[in-house]
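Student: Could you have a look at this structure, given as structure tokens, before my questions?
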């Protein structure tokens, strides 16, 4: 179950990255897009969960806005902000990272590498803060008890496998 959940999350992040990055070219906005995608489709099903045969279910009263926002904050915003902080702490600005990976749109001007000396202690603080958020996200995701991780228990949700219809 844990592997399916991680694959579903990865597929959702990749979908958002492929769709949002060419439009906004800003890591913070990509994280915001991922959070909105997750929050809007939590009551239905995200593409990653649909492909892996999973579904988020809530209590009999349904998934209220508070539960949806709590779950989205922990599952999407927390690791997203951590990744942005790590990238910023490493000194990469928006187009330089993608150009360094060989992915550059024709309308994007290649950015430059900002050395750690330019931001001083702030870059180290951002890097450490980002790693802390990412480690917290990993620990939180691995705290699986049955169908519920820590964020599921706090939001009152569970992730269940969809049954395949017999033919």
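Bear in mind that the values in this text are calculations on the coordinates, not laboratory data. Here the structure is a predicted model, which means the values were calculated and not measured. Please note: Cβ atoms are built from the backbone with ideal geometry, for glycine as well, and neighbour counts cover all protein chains shown.
Student: Can you put 36, 56 in order, fewest other beta carbons within 10 Å first?
Tutor: 36, 56
Student: Need one number: nm distance between label points at residue 131 and residue 7, each 7 Å from Cα along Cα→Cβ, rounded to one decimal.
Tutor: Going by the 7 Å Cα→Cβ label model, 3.1 nm.
Student: Take 21, 150, 121 and order them by how many other Cβ atoms sit within 10 Å, fewest up front.
Tutor: Sorted ascending by nearby Cβ count, the order is 121, 150, 21.
Student: Find how much the distance from residue 19 to residue 161 grows on full extension, using 0.36 nm per residue of separation minus their present alpha carbon separation; answer in nm with one decimal.
Tutor: 48.4 nm
Student: Still on this structure: Which order results if 24, 139, 31 are arranged by neighbouring Cβ count within 10 Å, fewest first?
Tutor: Least crowded to most crowded, the residues run 139, 24, 31.
Student: How far apart, in nanometres, would the label points at residue 28 and residue 124 be if each is projected 7 angstrom from Cα along the Cα-to-Cβ direction?
Tutor: 2.4
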